[in-house]
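In what follows, a single structure is set out as structure tokens and then discussed.
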Amino acid sequence: MNIIFVEPSFPANQRRFVHALASVGANVYGIGETEEGHLDGELREQLSGYYRVGSVTNVDQMTEAVRYFQGRVWIDGLEATVEAHTMPAAHVREATGIPGTSVRTTWLCRDKPSMKEALRQAGVPTAASAAVDSAAEAHEFADREGYPLILKPRAGAGAQGTVRVNDEHELLHALQGYAREGATSIAIEEFVEGHEGFYDTITVDGEVAHDWATHYYPNVLEAMRHRWISPQFITTNRIDDPSNAFYREVRELGHRVIDALGIETSATHMEWFYGPKGLKFSEIGARPPGVGAWDLYSAANEVDVYREWAHVITHGRPEQPMRRTYAAGIVALRPDHDGVVTGYSGIDEIQARHGASIIDAHFPPVGHGTQAVEAGYMANAWVRVRHHDYDTARAILDDVGQTIRMHAR
């Protein structure tokens, strides 16, 4: 099978997808922005061909590149795993006759107000939401639904650009900020109280082949706004427990979303909230999750999830089941202020207490610049752990976050 993969070299994690496709027997053709001579040797060996474009989000350039390959071999698929690449890829598929996720489905997975309207029509519980193109429309929504509210870019990924507003003054301030950034239309929605997590899948012809349920501690918006928090997320190994009604409900919700949006063969990443109003769908991406979630799933199940995705794409079926051996999570470690790393404390204590449970860790070296809290879970230092018992894995993550300190000046 001949697969075109969009932007195989950047970010660095993209190489994992190329390697996985090649490992299951696919001929992989890359389209990217990097000069071919600057690709590393291992990546070049795994590619059967490469075409450089000025921008992988330019549909005309991408279409030209795909037709170049189609003039030489039969192309079976065109895959994009970065959020910003999914819509251009969908347009190119339709322009060149390549099967895969449609423009309509990709649009519904990118544009949050349209997504939620489609899901409400299908009976999926979601927060009240709308697309607003003016301050007047935003204030009208606020008058109707009340505060607090959540504002976010219509096609943003994760918590990027997301703001909570608690009153009219904060709403006006947030709208002015979006206007300065050139946003002409934003998504506005009801704030849903509750615990936040995500449900990820790999689907085949609209059916779930693999799935995982993962929890945030604390919720993302809080984690990305307060430096003192060492936030974490952890994937459970209890999702297959037939006595666990909550995970059964999460799965049912996810399957309804997949069906309503017309997702066929794809990775998906769905966010949810569970609180006083019950389980509510938040948003979805027709792509793998970010921040190394698949690495955690691989460690938790002792199965290469990238290879499973590639096997589904190439052969139309999974290669092996998830084992649910471990719960696995990551805890992010932040410096007490931004600047330059001066050192760490507590690492030896954690190694002594939990060394057998640590998967891996990252500690930027002394002298390295820090990154802002808003840059995410893997922006500075982090530790990933796994344990057979979910509650024990959570306790280890808590201990790591409370013990290790990242110092900067």
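The values are calculated or read from the model by the stated rules, or taken from the named source; none is laboratory data. For clarity, every value in this text was computed on a predicted model and none was experimentally measured. Cβ sites come from the backbone with ideal geometry, for glycine too, and all protein chains shown count toward neighbours.
Set side by side, the residues L43, L47, L21, L39 differ, and just one is free of Cβ contacts under 8 Å to residues at least 40 places away in the same chain, closer than 27 Å to S298 by Cα and touching a helix residue (DSSP H, G or I) at 6+ places or on another chain (Cβ under 6 Å), which is L43. Of all residues in region 198-212, those that are at pLDDT 95 or above have Cβ atoms under 6 Å from Cβ atoms of residues that are hydroxyl-bearing (S, T, Y) and assigned to a strand (DSSP E or B), 6 or more apart or on another chain, in F198/T214; T201/T268; T203/S266; V208/T201; D211/T201; W212/T235. Within region 8-31, the residues that satisfy the criterion of being farther than 18 Å from R307 by Cβ and buried (at least 23 other Cβ atoms within 10 Å of the Cβ) are Y29, G30, I31. For the structure I just gave you, tell me whether A356 is modelled with pLDDT under 95 and exposed (fewer than 14 other Cβ atoms within 10 Å of the Cβ). So A356 does not fit the description; no. At least 1 residues being under 21 Å from the mean Cα position of the chain (by Cα) and hydroxyl-bearing (S, T, Y) is the threshold, and among the helices (runs of 4 or more DSSP H) wholly inside region 50-121 those reaching it are 83-96, 103-110, 112-121.
The one condition from (1) assigned to a helix (DSSP H, G or I); (2) modelled with pLDDT of 95 or more; (3) more than 19 Å from H255 (Cα to Cα) that F141 does not meet is (2).
Within region 343-352, the only residue that satisfies the criterion of being closer than 16 Å to R386 by Cα and touching a helix residue (DSSP H, G or I) at 6+ places or on another chain (Cβ under 7 Å) is I350.
The set of residues from region 99-134 being free of Cβ contacts under 8 Å to residues at least 40 places away in the same chain and under 20 Å from A267 (Cβ atoms) comprises P99, V103, W107. Set side by side, the residues E170, E222 differ, and just one is closer than 26 Å to V250 by Cα, among the charged types (D, E, K, R), in a helix (DSSP H, G or I) and free of Cβ contacts under 8 Å to residues at least 60 places away in the same chain, which is E222.
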